[in-house]
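Enquirer: Next up is a structure, given as structure tokens.
The values are calculated or read from the model by the stated rules, or taken from the named source; none is laboratory data. Keep in mind that this is a model prediction, so the values were computed, not measured. Don't worry about glycine lacking a Cβ; one is built from the backbone with ideal geometry, like all the others, and counts go over all protein chains shown. The accessibility values were calculated without ligands, DNA or RNA, using every heavy atom of the protein model including side chains. Shrake-Rupley method; radii C 1.70, N 1.55, O 1.52, S 1.80 Å.
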Amino acid sequence: DATPMTLSDPGMTLSKAHARLRRDPRSDTWTIEDLGSTNGVQLFDETLTSRVTLTPGQPATATSFIVLGDMRVRLQRHHQGDMHHKR
């Protein structure tokens, strides 16, 4: 029930199967799980002052700011009808 996503990783810090990001459509919440990656998954709070390193195999509620290896990712809702894309 997953769709693999390939990410550009110039620093070579992502594992082949690094993490799983899931959305629960009933509650509209996201979870993330470290799949036993070499360089880990970290979650930051909205102020970027507090961070949690995930334990492999233990899903956690995803925050807006995630670090996969050394790649920083920001989860952001895309509203239907938006014509602007942020990169």
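Enquirer: Pairs of alpha-carbon atoms within less than 8 angstrom and 6+ residues apart define the contacts here; what relative contact order does the chain have, in percent?
Expert: Values: 139 pairs, mean separation 21.1, N = 87.
Here the relative contact order equals 24 percent.
Enquirer: Can you give the charge dipole size of the chain about its Cα centre, rounded to the nearest 20 debye, using +1 on the beta carbon of Lys and Arg and -1 on the beta carbon of Asp and Glu?
Expert: Details: 11 positive and 10 negative charges, 33 e Å.
Approximately 160 debye in magnitude.
Enquirer: Still on this structure: Considering only protein heavy atoms and a 1.4 Å probe, what is the carbon-and-sulfur percentage of the accessible area of the chain?
Expert: On the chain, the fraction of accessible area on carbon and sulfur atoms equals 50 percent.
Enquirer: Next question. Residue-wise, which Karplus ³J(HN,Hα) couplings in Hz belong to segment 34-44, taking 6.51 cos²θ - 1.76 cosθ + 1.60, θ = phi - 60°, and x for glycine or proline?
Expert: 6, 8, x, 5, 6, 9, x, 10, 10, 10, 10
Enquirer: Consider all pairwise Cα distances in segment 1-83 and report the whole-number % of them above 18 Å. Provide the component values of the computation, followed by the final result.
Expert: Details: 1513 of 3403 pairs.
Everything past 18 Å amounts to 44 percent.
Enquirer: Given a 1.4 angstrom probe, what's the average accessible area per residue across the chain, in square angstrom? Walk me through the numbers before you get to the answer.
Expert: Details: 7150 Å² over 87 residues.
Accessible area per residue: 82 Å².
Enquirer: What is the gain in length, in nm to one decimal, between T61 and L75 on full extension, counting 0.36 nm per residue of separation less the C-alpha to C-alpha distance? Could you put the intermediate results ahead of the total?
Expert: Details: separation 14, 0.36 × 14 = 5.04 nm, distance 1.21 nm.
Length gained, T61 through L75: 3.8 nm.
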